[in-house]
1. Could you line up 177, 24, 94 from fewest to most neighbouring Cβ atoms inside 10 Å?
2. Let me check I have the definition right: for the chain, take the eigenvalues of the Cα gyration tensor, multiply each by 5, take square roots. What are those semi-axes in whole Å, largest first?
3. What is the helix-to-structure angle for 59-71, meaning the angle in degrees between its Cα long axis and the longest Cα principal axis of the chain, kept from 0 to 90 and rounded to the nearest 10?
4. Which of 38, 157, 162, 62 comes first, and how do the rest follow, when ranked by fewest Cβ neighbours within 10 Å?
5. Taking only DSSP H segments of four or more residues, each worth -39500 (n - 2.57), what value at 222 nm results for the chain once the sum is divided by all its residues, to the nearest 500 deg cm²/dmol?
6. Would you mind ranking 178, 30 so that the residue whose beta carbon has the fewest other beta carbons within 10 Å leads the list?
7. Given the options 86, 183, 160, state which has the largest fluctuation in a GNM of the chain using a 10 Å cut-off (strictly under) for Cα springs.
8. Using only Cα atoms, find the angle between the long axis of helix 181-192 and the longest principal axis of the chain, and express it within 0 to 90 degrees, rounded to the nearest 10.
């Protein structure tokens, strides 16, 4: 016997969620995190504010849920069969995440906001940063299992290194990136980690 949902039950319609997601990204690009509002997102999405609050309790929760849904899968590590191949794919993914729209404009804004709001910084780390790092850690654990990295490799430091070179060059310095830049980054990381490649 099929039961109908009670008439007052909230049903999260995928089309509305998609419209809200698009609206959040558009508002972040146009207004930045500080000026983004639930009212503005609802208006742009063509939805009532109640549709937003059925999904998320706060602006912060909404923004980070949208960003995590898109950006965390981008860190899913490629399994190329070698540490060098895996690292090259990972640094390329970081470069894409940092330099292509919409994240190329959204991330610097969020980083700036996070420096002024410790609770936002913690939420970004928990919602976006740590899930991305957990995926990236898989590359390094596979390399240890294959004997390409020492068993005592500092995985936290290695993950920082994988992103730091690209972030500093492309986002902080906004320096030119030569065609072989990501290859050189990969080789630098391999040397720094004391990789044994066959």
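Any read-out appearing in this document is the output of simple, stated calculations on the displayed coordinates, not a laboratory observation. As the structure is a computational prediction, the values presented were derived from the model and not from experiment. Cβ atoms come from the backbone with ideal geometry, glycine included; neighbour counts cover every protein chain shown.
1. Values: 177 14, 24 26, 94 23.
Listing 177, 24, 94 from fewest to most nearby Cβ atoms yields 177, 94, 24.
2. Working: eigenvalues 278, 86, 39 Å².
They are 37, 21, 14 Å, listed from largest to smallest.
3. 50
4. Numbers: 38 16, 157 12, 162 24, 62 20.
With the sparsest Cβ surroundings first, the list reads 157, 38, 62, 162.
5. Details: 10 runs with 128 residues, N = 198.
Mean residue ellipticity at 222 nm (helix-derived): -20500 deg cm²/dmol.
6. Working: 178 9, 30 12.
Neighbour counts put them in this order, fewest first: 178, 30.
7. In this elastic network of the chain, the residue with the biggest mean-square fluctuation among 86, 183, 160 is 160.
8. 60
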